[in-house]
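None of the figures in this text is laboratory data; all of them are computed from the coordinates on show. Remember, it's a predicted structure, so these values are computed and weren't measured experimentally.
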Amino acid sequence: MTEIIEYAPIAIVILAFLFKHKIFITPEQLKNERLAIKKEVEEKFLSIVAFRQFERRIDDNFKNNSNRFDKIDVSLEHIKDILINHNH
C-alpha cells in the first residue's frame, strides 16, 4: 500500500499529461474530430470528379492552342514563300 501512495503523485501527473494533450478521447470526441477533419478536407481539396473535369479542360485547351500554332506555322510558311517568290 505504501508503494501505491509513494507513486500516486507520479501517476496523477502522467494522467493529467495524457488528458491535457488529448492522448485518449471518448467515442463522441472521436466522432466530432472525424467530422471536423472531413469538413476541412472538403473545403480545402478538390474532389476527384472536379479534378478530372479540370484536367480535361486543360487538355482541351492545350489541344486547341496546339492547332492554332500549327495554323500560324502554316501561315508563316505561306508568307515566307510569297516573300521569296516576290524577290525572285
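Short version: ³J(HN,Hα) in whole Hz for each residue of segment 16-33, in order, from phi by Karplus 6.51 cos²θ - 1.76 cosθ + 1.60 (θ = phi - 60°), x for Gly and Pro, what are they?
Rounded to whole hertz, the list is 4, 4, 5, 6, 5, 8, 6, 5, 10, 10, 7, x, 5, 5, 4, 4, 5, 5.
Pull out a ≥ b ≥ c, the square roots of the eigenvalues of the alpha-carbon gyration tensor of segment 1-45, then state rounded if a/c is under 1.5, prolate if not and a/b is larger than b/c, and oblate in the remaining case.
Values: a/c = 8.31, a/b = 3.97, b/c = 2.10.
It is prolate, given that a/c is not under 1.5 and a/b is the larger ratio.
What's the tally of Lys pairs in the chain whose alpha-carbon atoms lie under 21 angstrom apart, where the two lysines are 8 or more places apart or on different chains? Present the calculation step by step, with values, prior to reporting the outcome.
Numbers: Lys20/Lys31; Lys22/Lys31; Lys22/Lys38; Lys22/Lys39; Lys31/Lys39; Lys31/Lys44; Lys63/Lys71; Lys71/Lys80.
Summing the qualifying lysine pairs gives 8.
Helix-only mean residue ellipticity at 222 nm, the chain, DSSP H runs n ≥ 4 weighted -39,500 (n - 2.57), per residue, nearest 500. What is it?
Working: 3 runs with 77 residues, N = 88.
Calculated mean residue ellipticity at 222 nm is -31000 deg cm²/dmol.
How big, in percent, is the set of alpha carbon pairs in segment 46-88 lying more than 12 Å apart? Mind showing how you got there, number by number?
Working: 628 of 903 pairs.
Value for segment 46-88: 70 percent of Cα pairs lie more than 12 Å apart.
If you take all C-alpha pairs in the chain, what percent of them are over 23 Å apart? If you can, show how the numbers build up before the last one.
Working: 2598 of 3828 pairs.
Every Cα pair in the chain considered, those over 23 Å come to 68 percent.
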